[in-house]
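K.L.:
To start, I am sharing the structure in question, which I have written as structure tokens.
Throughout, read-outs are computed from the coordinates displayed, never taken from laboratory work. All figures in this text were calculated on a predicted structure; none of them were measured in a lab. As a convention, Cβ positions derive from the backbone with ideal geometry for all residues, glycine included, and neighbour counts pool all protein chains shown.
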Amino acid sequence: MATVIAMPKLGLSMKTGTVGKWLKKEGDTVKKGEAIVEVMTEKITNKVEAPADGTLLKIVSQKGAKLPVGGLMGVIGEAGEDISAALSSAGAPAEAGAAAAAPAPGGKVKISPAARKLAEENGIDYSRITGTGPEGRITREDVENAIANGVGPADDREALEVQPYEGMRKAIGDNMANSWAIAPKVTHMVDVDMTGMLALRKSVNEGLSDKEKVSVTALLIKAIARAIEIKPRVNSILDGDQVKTLKEINIGMAVALDDGLIVPPIKNANTKKLSEVNKEVKDLAKRGRKNKLNPDEMVGSTFTITNVGAYNSVDHFTPIINQPEVAILGIGRTIEKPVVVNGQIVIRPMMGLSLAFDHRVVDGAPAAEYLAVLIDLIEHPHKIFI
């Protein structure tokens, strides 16, 4: 009996997914549990396993097809089996996406005369445009959209590597561009003395195993969450015509991957013990880099941090706000610098902080007030736990 391959629900919030690369071709034998196709969401790329043993009889949705959860991707069955009943019961696939309309290599591009003329006048390589007309025909409107989005002539310079701009990478790019476009942002930058926090960390870690030792990131998350309790304005979202200051304090932690970025949150960071936060930080980062996080583990942040201190090359920067949040804290490297303390020049470990905020919701003064509270907690870390 034929078995359909359906778009899986990879998280509670997932409604649609995009078909990625097929790892098997029609006619291949597959085993139940074997990875057969990649599925992309805004957060991750997951490999979908075969739901049954058999032969991949039909690939219904090609790479690039955007489908609702449960949408038909393909059919597995016995060689030569009639699958018409399975196809009709599952329904036709949703929109085919960019890949379905793209011409085959060396194939003829279908384009209207008006669209061709407009593309040539503007130096647009129309073979790179996805047609929305009948049978993938490129229309004048398609060319106008391409011009607006900056599609130009193909660059034929030799490349060391070529990667498709799709899936997670495209989702990140779209989200970043959207955030940059809609949020009038300001960034406050300051150095903070890490002497007290590093001393506390050393004291806490005495006698602990390497697995149990508390990271600076965990201590910073506790300080950031405590500062939000005191100055909660930065823990808001802009929801239509309402500014909502949120009760939950979920600190999103940007984790860099080879092909993108994810932001799993430490939920209710303000109410958790330091050891609990430390364990979650390590677990989420480890599983995130292995693409083992459930999509639901990567949503729900109310305030995000992005830490580039480990690269020892950046003091301050302008992080992009993780919409719909209204603030993000960039953490730079910690290096020894001369500072004045009680009228004396001393050497202290100083860390760069960069607080970017959405000026539609947060003004400069409350942002500065939050930063002042955070600095005090970092420099006097015993206050975090009072």
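K.L.:
Neighbour counts of other C-beta atoms within 10 Å: give me 292, 383 arranged from fewest to most. Don't jump to the answer; show the numbers that get you there.
P.N.:
Numbers: 292 12, 383 16.
Going from least to most buried by this count: 292, 383.
K.L.:
Residue by residue through segment 324-334, which ³J(HN,Hα) values in whole Hz follow from phi under the Karplus form 6.51 cos²θ - 1.76 cosθ + 1.60 (θ = phi - 60°), with glycine and proline marked x?
P.N.:
Running phi through 6.51 cos²θ - 1.76 cosθ + 1.60 with θ = phi - 60° gives x, 5, 10, 7, 8, 10, x, 10, x, 6, 10 Hz.
K.L.:
Kindly put 299, 234 in sequence by how many other C-beta atoms sit within 10 Å of each C-beta, fewest to most.
P.N.:
Working: 299 18, 234 27.
Fewest to most other Cβ atoms nearby, the residues stand as 299, 234.
K.L.:
By counting other Cβ atoms within 10 Å of each Cβ, how are 142, 210, 283 ranked from fewest to most? Write out the running numbers ahead of the final one.
P.N.:
Numbers: 142 24, 210 6, 283 14.
So the ranking, lowest neighbour count to highest, is 210, 283, 142.
K.L.:
Kindly flag which residue pairs out of 24/170; 31/282; 185/231; 15/244 have an alpha-carbon separation exceeding 29 Å in this structure. It would help to have the intermediate numbers written out before the result.
P.N.:
Numbers: 24/170 24 Å; 31/282 34 Å; 185/231 19 Å; 15/244 25 Å.
Checking Cα-Cα distances, 31/282 exceed 29 Å.
K.L.:
Given (i) 23, 45, 27, 5, 0; (ii) 25, 46, 10, 6, 6, 5, 2; (iii) 28, 55, 16, 0 as candidate values of P(r) over Cα pairs in 20 Å bins from 0, in percent, which corresponds to the one derived from the coordinates?
P.N.:
Answer label, from the structure shown: (i).
K.L.:
From the square roots a ≥ b ≥ c of the eigenvalues of the alpha-carbon gyration tensor of segment 240-288, which class results: rounded (a/c under 1.5), prolate (a/b over b/c), or oblate? Write out the running numbers ahead of the final one.
P.N.:
Values: a/c = 4.84, a/b = 1.26, b/c = 3.86.
Oblate.
K.L.:
In addition: What does DSSP give for the chain in terms of the percent of beta bridges that are antiparallel, rounded to the nearest 5?
P.N.:
85
K.L.:
With an 8 Å cut-off on Cα pairs and a minimum separation of 6 or more residues, tell me the relative contact order of the chain in percent.
P.N.:
14
K.L.:
At what distance in nm do the modelled label points of residue 363 and residue 202 sit from each other, each positioned 7 Å from its Cα along Cα→Cβ?
P.N.:
Those two pseudo-labels are separated by 4.3 nm.
K.L.:
Would you please give the residues with an amide H less than 5 Å from that of residue 257, counting only those at least 5 places away or on a separate chain, with H modeled from the backbone geometry?
P.N.:
262
K.L.:
Now a separate question. So for each of 129-137, 16-24, 336-344 I average, over its residues, the number of other beta carbons within 10 Å; can you give me the resulting order with the highest mean first?
P.N.:
Result, highest mean Cβ count within 10 Å first: 16-24, 129-137, 336-344.
K.L.:
Enter the Cα centre distance for the pair segment 1-38 and segment 313-381, rounded to the nearest angstrom.
P.N.:
45
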